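Following: one structure in structure tokens, then a few remarks.
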Amino acid sequence: MSLWKIAPSVYLPALLYGIGQGAIAPVVALSARDLGASVALASLVVAAAGLGQVIGDIPAGTLTTRIGERRAMLLATGLVAVALAACLVVPNVWGLALAIGATGVAGAVWGLARQAYLSEAIPLQLRARALSTLGGVQRIGSFIGPFIGALAMRFLGTDGAYWVHLVAAVLACLALLSLPDLESVRRKRLGRPVELQSTRAVIRDHLPVLRTLGVGALLVGAVRASRQVVVPLWAEHLGLDAQTTSLIFGLSGAVDMLLFYPAGSVMDRFGRKWVAVPSMLVLAAAHLLLPLTHSAPALTAVALLMGLGNGLGAGIIMTLGADASPPVGRAQFLGAFRLFADTGNAGGPFLVAAVTALSGLGPAILFMGLTGCLAATAMQRWIPPRPEPEPAPG
């Protein structure tokens, strides 16, 4: 199977789903405020999506194993559609928080099922390019989603952003219907029904990988997530207005989007370390340089460096998870592996907040820079030199 053959049925739904996520990202806090939430409570509503994703990772692996990748993605699309419809009608902030949390659970199922599908459907020599392209397409969708959401909000108010995500989810569901089912392929290859293992057994059997490479993924997730917090906060510290901050952040995101395919190509040709370690070192350097900036041009340069580092690592966590996943129990292992990365993604901003409360914003940014160095060390130590081909079934 080639990337071109699966592009309409895998990458198009991913693009649509990313557009929807990008459309609602800027308005969730505003919706909470409209329902009477304080600033702190509105922040918790926004965090509910990340919490839902963490909660959903392990069940997503079990569900995908039992009903298959395509059905799991269709179910997740249906769940996010129901959750978005609830966002349009809930009368209080707690209802909104539950609905946003449900979108996170759906995102966990959706993301894991896509990763499991590509891990199995794509040959090993194309795996990194396939998964980095998946990550890149998601980035592109998240980048253009706010612009489409802003256009819809001109006519429908804040609800317009949720309608964009709802329509995008329905279109993604229709595109998924053309996705080939892997179950028949597995049966033909193995010559027997696919055996199932309990999620507990899969995690127990692969605990050595999870407590080493999984911890590395957690550190990577924390450093990546922190960049979305420290750049706006440092811009505010410098006295820059919201428009300038948004422009700087947008430029950083544009650089981030450009590198996904070259990153995947390097991983496929030379190995995963050639991308994972430099990506973390660049992000670490950018964090360490950020407190030294005192003007908009200097902040822009560092933000672009952050975008370069983040884009360089596009798809690396998905690729490492796919490399380490077993042929039997793949989705369950990926659920556990993604739990580490998603915990890092959710915990990174909280770590910045905690160190800021204790020592100030500058020390918090420097602390995340050191965390990036630790992540680079973990990647260098625990990533295998080359992924090993899966043994032929006996």
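Annotations for the structure displayed:
- Taking the criterion of being surrounded by fewer than 23 Cβ atoms within 10 Å (Cβ to Cβ) and over 13 Å from the mean Cα position of the chain (by Cα), the residues of segment 128-145 that qualify are F143, I144.
- Residue within segment 300-309 that is surrounded by fewer than 23 Cβ atoms within 10 Å (Cβ to Cβ), under 17 Å from F143 (Cα atoms) and either modelled with pLDDT under 90 or not charged (D, E, K, R) (or both) present: yes
- Number of the exception - A341 against (1) more than 23 Å from the chain's Cα centre (by Cα); (2) aliphatic (A, V, I, L, M); (3) within 17 Å of R114 (Cβ to Cβ): (1)
- Test result for G360, surrounded by fewer than 19 Cβ atoms within 10 Å (Cβ to Cβ) and on the phi > 0 side of the Ramachandran plot: yes
- Filtered residues of segment 235-254 (kept if closer than 24 Å to G18 by Cα, open to solvent by less than 60 Å² (accessible area, probe 1.4 Å), over 17 Å from the mean Cα position of the chain (by Cα) and among the aliphatic types (A, V, I, L, M)): I248
Let's see how each residue does on (1) modelled with pLDDT under 90; (2) among the acidic types (D, E):
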residue	(1), (2)
A222	no, no
S226	yes, no
V229	yes, no
E236	yes, yes
G239	yes, no
A242	yes, no
K273	no, no
P278	no, no
L281	no, no
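- All conditions but one from (1) open to solvent by less than 20 Å² (accessible area, probe 1.4 Å); (2) not hydrophobic (A, V, I, L, M, F, W, C); (3) not in a helix (DSSP H, G or I) apply to G321; the one that does not is (3).
- Residues in segment 207-230 that are polar (S, T, N, Q) and more than 16 Å from the chain's Cα centre (by Cα): 1 in all.
- Contact map, segment 76-97: first residue free of Cβ contacts under 8 Å to residues at least 40 places away in the same chain and under 20 Å from W110 (Cβ atoms), second residue open to solvent by less than 20 Å² (accessible area, probe 1.4 Å) and of a type in the set (D, E, K, R), Cβ cut-off under 9 Å, separation 6 or more or different chains; the map is empty.
- Scanning segment 163-185 for residues that are open to solvent by less than 80 Å² (accessible area, probe 1.4 Å), in a helix (DSSP H, G or I) and either more than 24 Å from R70 (Cα to Cα) or modelled with pLDDT under 90 (or both) turns up A169, V170, A172, C173, A175, L176, E183, S184, V185.
- Scanning segment 257-271 for residues being open to solvent by 10 Å² or more (accessible area, probe 1.4 Å), within 24 Å of L374 (Cα to Cα) and in contact with a helix residue (DSSP H, G or I) (Cβ under 7 Å, 6 or more places away or on another chain) gives a total of 3.
- For segment 363-377, the candidate set comprises residues that are open to solvent by 10 Å² or more (accessible area, probe 1.4 Å) and in contact with a helix residue (DSSP H, G or I) (Cβ under 7 Å, 6 or more places away or on another chain); within that set, the residue that is farthest from L219 (Cα to Cα) is P363.
- Set L247, L240: member being touching a helix residue (DSSP H, G or I) at 6+ places or on another chain (Cβ under 9 Å), not charged (D, E, K, R) and not in a helix (DSSP H, G or I): L240
- Hey, T371 more than 21 Å from the chain's Cα centre (by Cα) and of a type in the set (S, T, Y) or not: no
- Hits in segment 201-216 - residues which are under 19 Å from G344 (Cβ atoms) and surrounded by fewer than 18 Cβ atoms within 10 Å (Cβ to Cβ): L207, R211, T212, V215
The values are calculated or read from the model by the stated rules, or taken from the named source; none is laboratory data. All of these numbers come straight from a predicted model, not from anything done at the bench. Please note: Cβ atoms are built from the backbone with ideal geometry, for glycine as well, and neighbour counts cover all protein chains shown. The accessibility values were calculated without ligands, DNA or RNA, using every heavy atom of the protein model including side chains. Shrake-Rupley method; radii C 1.70, N 1.55, O 1.52, S 1.80 Å.
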